[in-house]
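The block underneath contains the structure these notes are about, expressed in structure tokens.
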Amino acid sequence: MSIRVTIWNEYVHEKSRPEAAALYPCGIHAFLRDVLKSEEIEVTTATLEEPEQGLPDAVLENTDVLIWWGHVKHQLVADELVEKIEKRVHEGMGMIFLHSAHKSKPFCRIIGTTGNLTWGREQRCVLWNLMPTHPIAKGVPAHFELREELYSEPFFVPKPDDLIFCTWYEDGNLFRGGMTYTRGLGKIFYFHPGHEICNSYYDKNVQQVLKNAVAWCAPTRYEGFDISKCHKQTEPIL
Ligand code: ZN
């Protein structure tokens, strides 16, 4: 059975900044769809301007992994939708938060954070692979370079389950650039590359990380297990 991925994008910069439109003429969501789709991964896209902000119940319920890219329109995302997303994560839907999604409503709500960090100019950076044995780091070299917007510590998030990538910037800053969380049954990955005027999503290593992350975040399927019926008073077992 293939993994059903939905890529959500606020889809603003690609229509308003020529540099972003040049890199992603059909939007970051469409670009990532073409990167990820395969025999194993089925991809649909959703944007803020679509009815029900792109995520009606039928779409959410049929999503195994939700990828989120947002930046300047976080506040327009409906609180009711955020609640539904959190519920789906608790039930096992995976989530991948990209770049400025660190400040999105779903990230802050699900992770339990303000999402605050420090940022700066675009520059050369080196992503260090701290956990080469982790499934998300499979096939990724010990380190690789990108040109990205600077994101820096302190990043006010709870301690992650695993810190897979740490990014060094030529200005000297460090950032926990790739890390995992679990909330309920849902597996979550935050990954910092993806500033709208940087070409990081063209990078083969970034693409490999995203493919690995989709596979890792996909829900474990428990045959015959109904999560809605597992909150109950127990009887003595002996
Ligand atoms: Zn950015």
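The values are calculated or read from the model by the stated rules, or taken from the named source; none is laboratory data. This structure is a prediction, so every number in the text was calculated from the model and none was measured. All Cβ positions, even for glycine, are placed from backbone atoms using ideal geometry, and neighbour counts span all protein chains on display. The accessibility values were calculated without ligands, DNA or RNA, using every heavy atom of the protein model including side chains. Shrake-Rupley method; radii C 1.70, N 1.55, O 1.52, S 1.80 Å.
Springs between alpha-carbon pairs under 10 angstrom, Gaussian network model over the chain: which of 93, 179, 131 fluctuates most?
131
Which percent, to the nearest 5, of DSSP beta bridges fully inside the chain are antiparallel?
55 percent
When the accessible area of the chain is split by element with a 1.4 Å probe, what percent falls to carbon and sulfur?
54 percent
Placing +1 on the Cβ of each Lys and Arg and -1 on the Cβ of each Asp and Glu in the chain, which of 78, 224, 182 has its Cα farthest towards the positive end of the resulting dipole?
Result: 182.
Helix 204-217 sits at what angle to the longest principal axis of the chain, using alpha carbons and giving 0 to 90 degrees rounded to 10?
10 degrees
In terms of Cα to Cα distance under 17 Å, which aspartates and glutamates are near enough to residue 211, apart from those fewer than 8 places away along the same chain?
Within the straight-line cut-off, residue 211 pairs with 34, 39, 40, 42, 64, 203.
Got the relative contact order for region 152-238 handy, in percent, Cα pairs under 8 Å and 6 or more residues apart?
Computed value for region 152-238: 18 percent relative contact order.
Would you work out if region 72-135 is rounded, prolate or oblate? Take a ≥ b ≥ c from the square roots of the eigenvalues of the alpha-carbon gyration tensor; rounded if a/c is under 1.5, else prolate when a/b is larger than b/c, oblate otherwise.
oblate
Given springs between every Cα pair under 10 Å in a Gaussian network model of the chain, which of 115, 224, 139 has the largest fluctuation?
Taking springs between Cα atoms under 10 Å, the residue moving most is 224.
For the chain, what's the relative contact order in percent, using C-alpha pairs closer than 8 Å and at least 6 residues apart?
Reported relative contact order: 20 percent.
In debye, nearest 20, what is the charge dipole magnitude of region 104-218 about its Cα centre with +1 on Lys and Arg Cβ and -1 on Asp and Glu Cβ, if you could check?
480 debye
What dipole magnitude, in Debye to the nearest 20, does the chain give about its Cα centre under +1 on Lys/Arg Cβ and -1 on Asp/Glu Cβ?
In debye, rounded to 20, the chain gives about 340.
Most fluctuating residue of 137, 20, 58 in a GNM of the chain with Cα springs under 10 Å: which is it?
58
Classify region 1-82 from the C-alpha gyration tensor, please: rounded if a/c falls under 1.5, else prolate or oblate depending on whether a/b exceeds b/c.
Since a/c reaches 1.5 but b/c is at least a/b, the shape of region 1-82 is classed as oblate.
Among all the aspartates and glutamates, which ones have a C-alpha under 18 Å from residue 73's C-alpha, if same-chain residues fewer than 8 places away are not counted?
10, 14, 49, 50, 52, 83, 196
When ligands, DNA and RNA are left out and all protein chains stay put, how many square angstrom of accessible area per residue does the chain have with a 1.4 Å probe?
With all protein chains present, the chain gives 49 Å² per residue.
Per the helix-only calculation at 222 nm, which mean residue ellipticity applies to the chain, given -39500 (n - 2.57) for every DSSP H run of n ≥ 4 and division by its residues, nearest 500 deg cm²/dmol?
Here the helix-only value at 222 nm equals -6000 deg cm²/dmol.
Over what distance in Å are the Cα centres of region 188-220 and region 83-103 separated?
Value for the Cα centre distance between the two parts: 15 Å.
How do 217, 166 rank by accessible surface area computed with a 1.4 Å probe, from largest to smallest?
Order by accessible area, largest first: 166, 217.
Of the options 6, 143, 200, report the single residue whose Cα projects farthest towards the positive end of the charge dipole of the chain (beta-carbon charges: Lys, Arg +1; Asp, Glu -1).
It is 143.
I need the semi-axes of the equivalent ellipsoid of region 149-238: take the C-alpha gyration tensor, multiply each eigenvalue by 5, square-root it, list largest first in whole angstrom.
Whole-Å semi-axes of the equivalent ellipsoid: 37, 17, 9.
Starting from the Cα coordinates of the chain, work out the convex hull volume and express it per residue in Å³.
144 Å³
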